[in-house]
Amino acid sequence: MIVTGDDQAEIQSLQKYLESEFEMKSLGDLKYFLGIEVARSKHGIFLSQRKCVLDLLAEIGMLDCKPIDTPSEQNHKLGLYPDQVPTDKERYQRLVGKLIYLAHTRPDIAYAVSVVSQFMHSPSEDHMGAVTRILRYLKVTHGKGLMFSKYGHTNVEGYTDADWAGSATDRRSTSGYFTFVGGNLVTWRSKKQKVVSQSSAEAEYHGMTHGVCELLWLRRLLRDLGFGPKKPMDLYCDNKAAIAIAHNPVQHDRTKHVEVDRNFIKEKVDAEIVSFPFISSEYQLADVLTKAVSTSIFHNSLDKLGMRDVFALT
């Protein structure tokens, strides 16, 4: 159990009450919880799952595997094909399940894990190869994690993006978002959309809706904690057509397929809860959640997301 708060006397009182009701004791400052390691320094709080990564690699005999720079191959065509060679389904599901848990502190593998998790019911040798690539990437980045630092503000903002018709199997789009509180990355998601979008603007708009929902959840959570956002939350998007739809209620031909999403977003824009600044694709952080990008773009994005490796030799 994690007990947290800003009132030390209240925390101690709660701990004494719990100790009187149950057989338990305080273990001091949080250092390890459900596989997540917590380290503190003058720079902030660092979360990682280094031990879980090393334990997984040791379990499957890949501690000495050849490392690789990125978790996904660029322009991959992973999908379901009639002539695909099946692989061990139980082993595949077990490995992907562990990777899903590792993604709790590893946004760098979120897209790759999202892709391989789509084939749990019928995995092939190509799908297992994609899982192996993720593990080879983890071999060289096992110490990576998230650094939470103090930047002097509590602004809430997000980045949203979509890769139109990226799925080779059904041409559904993949959307993703990152959200930040006080300059620190707190939530992210990479997920294939449930419907086929007829344009890139439509795909982006569906993705924007998911991003808005996440920002609204963060807004409610922060208000419960006593410091909700005092200005509109920025959700950065690199699609001008999608931003125009969010502000213009009369684009019937372009919006009839996203009518519910359009009204939902318009309501939040009119209430000045969210805003949609345009950002060029060059600075779109959520790009790494929607497709496999080049090595340079990938690692540049990780630096901006606050991912560090405090165990690396300097």
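The values are calculated or read from the model by the stated rules, or taken from the named source; none is laboratory data. The structure displayed is predicted, hence computed values, not measured ones. Cβ: placed from backbone, ideal geometry, glycine included. Neighbour counts: every protein chain shown. What goes into the accessible areas is simple: the full protein's heavy atoms, side chains included, and nothing from ligands, DNA or RNA. Shrake-Rupley method; radii C 1.70, N 1.55, O 1.52, S 1.80 Å.
Descriptive notes on the structure:
- Per-q log10 I(q)/I(0), region 117-217, q = 0.25 Å⁻¹ (Debye; single scatterer per alpha-carbon; no solvent): -1.16
- Partners for Lys25 among lysines (Cα-Cα distance below 25 Å; same-chain residues under 8 apart left out): Lys16, Lys51
- Whole-Hz ³J(HN,Hα) from phi, Karplus 6.51 cos²θ - 1.76 cosθ + 1.60, for region 77-85, glycine and proline x: 10, 5, x, 9, 10, x, 9, 5, 8
- For region 139-146, Karplus couplings with θ = phi - 60° (6.51, -1.76, 1.60), whole Hz, Gly/Pro x: 4, 8, 10, 4, x, 5, x, 10
- Shape of region 177-314, Cα gyration tensor, a/c cut at 1.5: oblate
- Only Cα sites of region 115-156 enter the Debye sum here, all with the same form factor; the resulting log10 I(q)/I(0) across q = 0.17, 0.27 1/Å is -0.64, -0.94, listed in q order.
- Here the chain is scanned for trypsin sites (Lys or Arg not before Pro) in DSSP loops (not H, G, I, E, B) that have at most 14 other Cβ atoms within 10 Å, and the longest stretch holding none of them is 231-314.
- By accessible area with a 1.4 Å probe, ligands and nucleic acids excluded, highest first: order of Asp261, Asp83: Asp83, Asp261
- In a reduced charge model with +1 at each Lys and Arg Cβ and -1 at each Asp and Glu Cβ, the chain shows a dipole moment near 180 debye about its Cα centre.
- Label sites at Ala39 and Glu272, each approximated as a point 7 angstrom past Cα along Cα to Cβ, lie 4.4 nm apart.
- Subtracting the Cα-Cα distance of Phe264 and Tyr17 from their residue separation scaled by 0.36 nm leaves 84.4 nm.
- Solvent-accessible heavy-atom area per residue, rounded to whole Å², over the chain at 1.4 Å: 55 Å²
- The string of couplings for region 203-212 from the Karplus curve (6.51, -1.76, 1.60, θ = phi - 60°) is 4, 5, 5, 4, x, 4, 4, 4, x, 4 Hz, one whole number per residue in order, with x for Gly and Pro.
- Scanning the chain for chymotrypsin sites (Phe, Trp or Tyr not before Pro) in DSSP loops with at most 16 neighbouring Cβ atoms within 10 Å leaves 23-150 as the longest stretch between them.
- Carbon and sulfur %, accessible surface of region 86-226 computed with the full protein complex present, 1.4 Å: 50 percent
- Approximate spin-label separation Asn248-Glu90, in nm, with each point projected 7 Å along Cα-to-Cβ: 5.8 nm
- Three-way shape label, the chain, alpha-carbon gyration tensor, a/c 1.5: oblate
- Across Lys194/Lys240; Lys42/Lys150; Lys98/Lys191, pairs whose alpha-carbon gap is larger than 20 Å: Lys194/Lys240
- Cα centroid of region 108-134 to Cα centroid of region 57-104, whole Å: 5 Å
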